[in-house]
1. What number of residues in region 254-280 are part of a loop (DSSP other than H, G, I, E, B), of a type in the set (D, E, K, R) and under 17 Å from the mean Cα position of the chain (by Cα)?
2. Could you list, in sequence order, all residues of region 264-283 that are farther than 14 Å from S126 by Cβ and of a type outside the set (D, E, K, R)?
3. Filter the strands (runs of 3 or more DSSP E) completely within region 286-378 down to those with at least 2 residues that are of a type in the set (F, W, Y) and under 30 Å from K404 (Cα atoms).
4. Only one residue in T166, T174, T186 is in contact with a strand residue (DSSP E or B) (Cβ under 6 Å, 6 or more places away or on another chain) and crowded, with 22+ Cβ neighbours inside 10 Å. Which one?
5. Being polar (S, T, N, Q), at pLDDT 95 or above, within 29 Å of G516 (Cα to Cα) and open to solvent by 40 Å² or more (accessible area, probe 1.4 Å), is that true of even one residue in region 49-71?
6. Given the options E250, E203, name the one that is in contact with a Lys or Arg (Cβ under 9 Å, 6 or more places away or on another chain), outside any loop (DSSP other than H, G, I, E, B) and at pLDDT 95 or above.
7. Condition first: more than 17 Å from the chain's Cα centre (by Cα) and buried (at least 24 other Cβ atoms within 10 Å of the Cβ). Now tell me which residues in region 426-437 satisfy that.
8. Out of (1) of a type outside the set (D, E); (2) open to solvent by 30 Å² or more (accessible area, probe 1.4 Å); (3) within 16 Å of the chain's Cα centre (by Cα), the odd one out for S440 is which?
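The values are calculated or read from the model by the stated rules, or taken from the named source; none is laboratory data. The shown structure was predicted, so the numbers you read here are calculated from the model rather than taken from an experiment. FYI the Cβ positions are ideal-geometry reconstructions off the backbone, even for glycines, and counts take in every protein chain you see. Just the protein is used for accessible areas: all its heavy atoms, side chains included, with ligands, DNA and RNA removed. Shrake-Rupley method; radii C 1.70, N 1.55, O 1.52, S 1.80 Å.
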Amino acid sequence: KPLVAIVSSYNEIVPGHMNLDKIVEAAKLGVAMAGGTPIVFPAIAVCDGIAMGHVGMKYSLVTRDLIADSTECMALAHAFDAMVMVPNCDKNVPGLLMAAARVNIPTVFVSGGPMLAGHVQGQRTSLSSMFEAVGAHAAGKMTEEQVDDYVSHACPTCGSCSGMYTANSMNCLTEAMGLALPTAGTEPAVNSARRRLAKESGERAVELVKQNIRPLDILTKKNMLNALATDMAIGASSNTVLHLLAIAHEAKVDISLDDIDQMSRKTPQLAKLNPASSVFITDLNAVGGIQTVIRELSKGGHVNTDVLTVSGTQADRIAKAKDADGVIVHKIDSPIRKDGGIAILSGNLAEHGSVVKQGAVKPEMMDFTGTARVFNGEQAACDAILGGDIKAGDVVVIRYEGPKGGPGMPEMLAPTAAIVGKGLDGNVALITDGRFSGASRGAAIGHVSPEAAEGGLIAFVEDGDKIHIDIPNRSITLLVDDAEIAKRKEKGILPPKELEGYLKRYAKMVTSSNTGAVFAD
């Protein structure tokens, strides 16, 4: 009998993992029903929402590589014949995808599924609503009692946060690249159909052993480009850029920021989900989910449908999909926008590129020139925003938060949510060599490369400098002459932070964000 590993990310601290024990049991049953022997082993997981805004966030991205490494060790040490991956939150999805490519034994993914939307004060809500409520309270727009209402009701069930945040984005892209069964990215965590899907995934893992279909048969460049096209069409989290580059690196597929930029320019955005709108993952699921999006993309020639998946070809899968409803999933001839939800910006301030979720940027901020307010770290920026020191027309610059400088490239949901909560997302931008939560919205440009810790120009921006952000033309420019920049560079950058333990090793080994923040070969 095939020995099938059920790689479980279940723990008792991550809300998105409350139901994973049930998913694991269903997957085990599916493996056994198909004639395999299921064996469970664990993968660690950090909840980005809980780790946000303090030292814990430095330990989020770094777990992606720990997850990949430890899964490789277990899978090869015990000679498993196949794997069923059961992740659900931000770093264990890409970490396990990296492991799948590296180990390359038949593998199926089935996540725990998305959370239902909350309901607060007559509005549907999500995790970002909670963070934005803090900013609104600081601005005097919300009482403490109203904030408490969000605390109690913004995130009502188990599952990955209910908007198109990083976890749901990566689960949707796992389905799009063919390593998960249809509906795996969108079926709600609380639905019985999610457990049925887990059982079917276990059965498929055994069948893949018989067919000898492995992850690298599926993770081809065509399928990775399908995932990128889907990424652009659904306005996914900017973190997907970081993770897709890392997965491509493990699969030895040549994908770069240039490929992502080209895909962004030519792929229409067909869906706009929370936090950029009031549409939630459950709404997308109700109208057909990711297979409907891919079906619509195929009508415009934006995806390859002859590629292999864990359940036939992509053409086989979309043949059974619903047609786009035209409201939640727009038709290919009437998209939300003609280009994708993510854009790659370059210029003197980001010579190796930067990333913005343009589908969540207000129209008035698409071409913006503002005055730099510079902070050497996230906390100082948060204090300034919540304290009322940031005004309309400012560009908040947060640096020394990149892969090496952070280290760990912390997410900046706290400052972006504070800007939104303060009502400044229509006239304040934020630039960082760190990254953003999928819950972030507004003119938030992250992944600036080279980062400050490696001597990138972001290290030499000063208060009062003018910065021009031109998203339609994909540019980000520090409006300071070359002679002045050269003079500033003579002063050098800040010395490295004193580090201990895993963060010290990580900072030494990690590469730049424009290559996926992978470990140096």
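1. Residues that pass the stated criteria total 1.
2. Selection gives S264, T267, P268, Q269, L270, A271.
3. 367-375
4. T174
5. yes
6. Result of the check over E250, E203: E250.
7. Matches in region 426-437: V428, A429, L430, I431.
8. All conditions are met except number (2).
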